[in-house]
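A short write-up of the structure that comes next.
The values are calculated or read from the model by the stated rules, or taken from the named source; none is laboratory data. Predicted model only: the values in this text are computed from it and were never measured. Note: ideal-geometry Cβ built from the backbone for every residue, glycine included; neighbour counts use all protein chains shown.
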Amino acid sequence: MAFKILLLQDISNEGKVYFQEHNCDLYISQGKNEAEIVEEIHKIQPDALCARNNKITAAMMDGASTIKVVAKHGVGYDSIDVAHATEKKIQVVYVPDGNFISVAEHAMFLIMACARRYEEVAVQFRKGNFGVRNDIKDFTELRGKVLGIMGCGHIGSALAEIAAKGFGMKVLGYSRHLVPGTVSEGNTFVAIGKEEMLKQADFLVLAMPSTPETKYSFTYNDFKNMKKSACFINIARGDIVIEADFIKALQDNLLRAAATDVFDSEPPDIDNPLLKMNNVVVTPHSAGLTVDAMKRTSLSTAQQIVDVLEGRAPKWPVN
């Protein structure tokens with residue numbers, strides 16, 4: 001009998017072909033909310049659920065007794081009720097090695113955009129102000145500048161390599177799991193405490209997952225402890241920062257510039273002040289959405305789902 005896979009959103013062909021080659025029937029959800037998706041689950045009785053941006057809730061997992069595995073098509077599995085899955089003995093998997101290169105490169109792009117005040121320059125130049133090239137006095141190079149990275153997993157480590165080896169930046173890394181003074185493999189960053197990093201960083205990048213320990217952990221006081229000439233970049237999760245504090249820090253001129261790919265509520269409200277500030281570069285949670293990353297992530301997701309359904313251990317288990 002074929003395994004039934006319910007995709008809450010469509011994925012790249014690489015993953016779908018793998019499913020088809022391994023005796024799986026694919027269903028792509030048409031549900032627009034939790035209730036509609038639960039109804040689909042009840043009708044289909046799938047063996048697996050796979051989500052990109054959607055949440056996988058307790059109600060969804062309760063919708064069919066057939067569910068053996070739920071998969072996050074990506075890194076941040078905070079959108080899955082892992083505790084409920086564990087209670088029901090449902091395997092949860094994710095793909096931390098699928099899009100980390102794309103996200104690290106996007107972070108570097110945002111660092112460069114902050115250094116050259118891209119948002120303000122682009123707006124002014126498109127209005128006909130060629131003189132903006134001389135009006136802004138704080139364009140900076142990156143070579144020799146200090147980059148602080150909070151979160152030294154796949155993304156943070158890849159960013160450290162790009163910044164240190166490609167741009168000649170001095171890179172500092174912070175993680176609760178690293179002893180200050182530890183030198184990374186490849187000699188791309190040195191571990192340091194959070195407070196010391198805030199004082200030293202010319203550019204600070206958040207690259208850690210959203211967990212109960214990190215959620216809303218970056219506050220106004222942290223911004224106050226940074227250099228006023230520093231730039232702040234978030235490519236992690238919007239709920240790691242208290243967004244009102246982030247906005248106030250910019251309004252109070254505690255930062256030279258900032259960039260964010262993520263927001264506390266997504267999509268953000270059209271009136272969100274971050275969307276209107278000329279020293280803030282914004283992107284719509286698109287850091288990991290390159291063609292390359294989507295191909296790798298869809299294939300790895302499919303492989304892990306099939307592994308679980310055929311009785312093998314997955315590469316990246318969560319529980």
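A Cβ distance below 6 Å, combined with a sequence gap of six or more or placement on separate chains, defines the contacts here; from the range 183-194, residues that are assigned by TED's automatic domain parsing to the domain that holds Ala164 reach residues that are surrounded by 14 or more Cβ atoms within 10 Å (Cβ to Cβ) and small (Gly, Ala, Ser) in the pairs Thr188/Ala160; Thr188/Ala164; Phe189/Ala160; Phe189/Gly173; Ala191/Gly173.
Counting residues in the range 54-64 that are closer than 19 Å to Val306 by Cα and within 24 Å of the chain's Cα centre (by Cα) gives one or more. Taking Ile240, is it surrounded by 22 or more Cβ atoms within 10 Å (Cβ to Cβ), in contact with a Ser or Thr (Cβ under 8 Å, 6 or more places away or on another chain) and either without any contact (Cβ under 8 Å) to a residue 40 or more places away in the chain or within 24 Å of Lys127 (Cα to Cα) (or both)? Against the criterion (surrounded by 22 or more Cβ atoms within 10 Å (Cβ to Cβ), in contact with a Ser or Thr (Cβ under 8 Å, 6 or more places away or on another chain) and either without any contact (Cβ under 8 Å) to a residue 40 or more places away in the chain or within 24 Å of Lys127 (Cα to Cα) (or both)), Ile240 qualifies. Against the numbered list (1) outside any helix (DSSP H, G or I); (2) of a type outside the set (S, T, N, Q); (3) crowded, with 20+ Cβ neighbours inside 10 Å, Leu289 comes up short only at (3).
Looking only at the range 47-71, filter to residues that are in contact (Cβ under 8 Å) with a residue 40 or more places away in the chain and either over 19 Å from Asp25 (Cα atoms) or touching a His at 6+ places or on another chain (Cβ under 9 Å) (or both); which one of those is surrounded by the most Cβ atoms within 10 Å (Cβ to Cβ)? Taking the candidates together, the pick is Cys50.
What pairs can you find where one residue is in the range 203-214 and among the small types (Gly, Ala, Ser), the other is modelled with pLDDT of 90 or more and assigned to a loop (DSSP other than H, G, I, E, B), and their Cβ atoms are less than 8 Å apart, with a gap of 6+ or different chains? Going by the 8 Å Cβ cut-off, the qualifying pairs are Ala207/Gly151; Ala207/Cys152; Ala207/Gly153; Ala207/Ile235; Ala207/Ala236; Ser210/Ala236; Ser210/Arg237. The single residue among Tyr77, Tyr94 that is under 22 Å from Thr301 (Cβ atoms), surrounded by 21 or more Cβ atoms within 10 Å (Cβ to Cβ), modelled with pLDDT under 95 and under 18 Å from the mean Cα position of the chain (by Cα) turns out to be Tyr77.
Mind telling me which of the residues Phe130, Phe167 ends up being more than 15 Å from Ala258 (Cα to Cα), assigned by TED's automatic domain parsing to the domain that holds Lys227 and touching a Leu at 6+ places or on another chain (Cβ under 9 Å)? Before the answer, list the steps.
Values: Phe130 fails: touching a Leu at 6+ places or on another chain (Cβ under 9 Å).
Unique residue meeting the criteria: Phe167.
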